[in-house]
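The values are calculated or read from the model by the stated rules, or taken from the named source; none is laboratory data. Everything numeric here is computed off the predicted structure, so don't read it as measured data. Cβ coordinates were reconstructed from backbone atoms using ideal geometry, including for glycine residues, and neighbour counts include every protein chain displayed.
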There are 2 protein chains.
Amino acid sequence: MDKKQAILKSVLKLVNREGFYHLNMKKIAQEAGVAAGTIYLYFKGKEDLINALYGMIVNEFNQNVLEGYDDGKPVKANFFNMIDLAIDFYLAEPDNFSFIEQYTYAPFLFKENQDENFTLLLPIYKMMREGKKQGVIRNIPDAILLALIHGPMNTIIKLHLAHKTDLNKKGAKQKFHEAVWQAISV
Amino acid sequence: MDKKQAILKSVLKLVNREGFYHLNMKKIAQEAGVAAGTIYLYFKGKEDLINALYGMIVNEFNQNVLEGYDDGKPVKANFFNMIDLAIDFYLAEPDNFSFIEQYTYAPFLFKENQDENFTLLLPIYKMMREGKKQGVIRNIPDAILLALIHGPMNTIIKLHLAHKTDLNKKGAKQKFHEAVWQAISV
DNA sequence: AAAAAATGAATGAACGTTCATTTTTGAAAA
DNA sequence: TTTTCAAAAATGAACGTTCATTCATTTTTT
């Protein structure tokens with residue numbers, strides 16, 4: 001078995017279960033079924049480990065979501081596809097969501113690197129600009145559009161994971177992405 | 001000067017400046033201008049201190065936002081007032097926002113208490129239900145409505161604090177709350 | 001001068017990291 | 001195929017540091 005992957009998976013599991021605050025190297029090692037020292041064969045240290053995991057998730061996310069983008073299709077269809085894929089990504093592996101949320105606001109990294117936090121939004125950005133050019137998306141400032149798309153997505157997933165709503169219910173995702181579309185379309 | 005308040009303010013400042021991860025009792029004491037031991041005269045320990053601060057901010061927030069609510073006025077006016085007040089609250093003291101965000105996803109508290117996280121949403125909830133009853137707000141599930149209101153607010157403040165947009169610019173808040181209203185109104 | 005508040009050095013536990021030692025691997029030799 | 005053995009991988013006890021908390025002592029208040 002790939003130990004590097006096992007270690008990363010342990011961090012993911014532990015951060016979700018107990019939070020960043022209670023995360024420590026011994027627990028990570030135990031959960032991964034390796035010795036504490038082994039972690040240092042694959043990562044420079046705790047900080048490096050955390051950052052590597054973050055990078056991995058961001059890449060997976062972008063890869064997944066961008067698969068829903070097809071130049072040939074209209075903006076609206078692309079929008080629906082991408083929203084749905086983004087939601088599916090987090091519902092399939094809720095630990096990813098919890099980790100990203102905690103990481104974003106618990107900077108291990110230095111302040112300069114914090115701009116990278118917006119990397120997650122790049123697919124949305126791309127689609128947004130295209131829609132504005134075609135005149136199907138309202139001509140309001142980018143930041144507001146971004147807030148109207150990313151914000152609700154974030155909150156609905158939080159609510160789902162807290163069992164305040166159920167996105168797996170038939171039609172739930174449609175209702176949601178249509179509501180968001182209504183917010184941003186002309 | 002009230003030492004209890006000074007200690008709480010220190011935590012707020014430090015969490016925003018360096019994050020939860022680097023927070024420690026000696027720094028808190030130094031920043032507050034008291035001895036480390038003094039903190040324990042006012043709080044049971046670190047966890048108690050953090051939780052007390054969270055409770056304080058949530059109360060202040062709700063008090064502020066609910067001042068924008070007037071039973072005599074139409075739902076739309078109340079909505080605009082409350083959104084604006086909520087934004088003002090965080091812009092006036094950005095440390096509050098940063099703290100709440102970090103706290104919400106870095107549970108010191110045990111999982112059971114996590115439902116309290118939704119306490120912050122109570123004013124929105126109240127307004128939402130009233131609007132639905134009057135037929136001025138769309139009849140979609142509460143969770144989706146909540147996501148369409150709370151989510152964008154959260155994100156726009158994040159973007160503002162990251163200097164990706166400027167909510168203090170003339171008309172910016174209007175543009176924003178009107179966009180959100182468009183998303184939720186019939 | 002008694003009571004209350006504050007201090008900060010001391011304590012011990014927790015934790016990240018290191019490294020001397022052990023185990024595993026796999027290619028070459030028998 | 002079996003044996004050998006050097007290199008690579010893995011181990012986990014030990015180390016040094018950090019940090020929350022305590023409490024004997026000092027300072028302030030009444």
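Structural remarks
- Across the stretch B:130-160, the qualifying residues are those that are of a type in the set (Val, Ile, Thr) and under 14 Å from A:Phe176 (Cβ atoms), and the one among them that is farthest from the other protein chains (Cβ to nearest Cβ) is B:Ile149.
- Count of the stretch B:161-181 residues which are touching a residue at least 24 places away in the same chain (Cβ under 8 Å) and within 8 Å of another protein chain (Cβ to nearest Cβ): 3
- Tally, over the stretch A:1-32, of residues that are under 18 Å from A:Pro94 (Cα atoms), at pLDDT below 95 and out of contact with any Leu (no Cβ under 7 Å at 6 or more places or on another chain): 5
- Residues that are surrounded by 14 or more Cβ atoms within 10 Å (Cβ to Cβ) and under 13 Å from A:Asp2 (Cβ atoms) were ranked within the stretch A:24-41; the one that is farthest from DNA strand D (Cβ to nearest atom) is A:Ala32.
- Here B:Met127 meets the list (1) at the interface with another protein chain (Cβ under 9 Å from one of its Cβ atoms); (2) surrounded by 20 or more Cβ atoms within 10 Å (Cβ to Cβ); (3) within 19 Å of the chain's Cα centre (by Cα) almost entirely, failing just condition (1).
- All positions within the stretch A:66-104 that are of a type in the set (Phe, Trp, Tyr) and farther than 27 Å from B:Ile100 by Cα: A:Tyr69, A:Phe79, A:Phe80
- Annotation note: of A:Gly68, A:Gly19, the sole residue that is within 14 Å of chain B (Cβ to nearest Cβ) and either surrounded by fewer than 19 Cβ atoms within 10 Å (Cβ to Cβ) or away from DNA strand C (no atom under 11 Å from the Cβ) (or both) is A:Gly19.
- Exactly one residue out of B:Leu41, B:Leu12 is within 21 Å of the chain's Cα centre (by Cα) and more than 14 Å from chain A (Cβ to nearest Cβ), and it is B:Leu12.
- Pairs with Cβ under 6 Å, 6+ apart, first in the stretch A:44-61 and surrounded by 14 or more Cβ atoms within 10 Å (Cβ to Cβ), second modelled with pLDDT of 95 or more: A:Leu49/A:Phe43; A:Leu53/A:Leu8; A:Leu53/A:Val11; A:Ile57/A:Asn96; A:Phe61/A:Phe89
- Residue match in the stretch B:53-67 (condition: under 22 Å from B:Lys3 (Cα atoms) and of a type in the set (Gly, Ala, Ser)): yes
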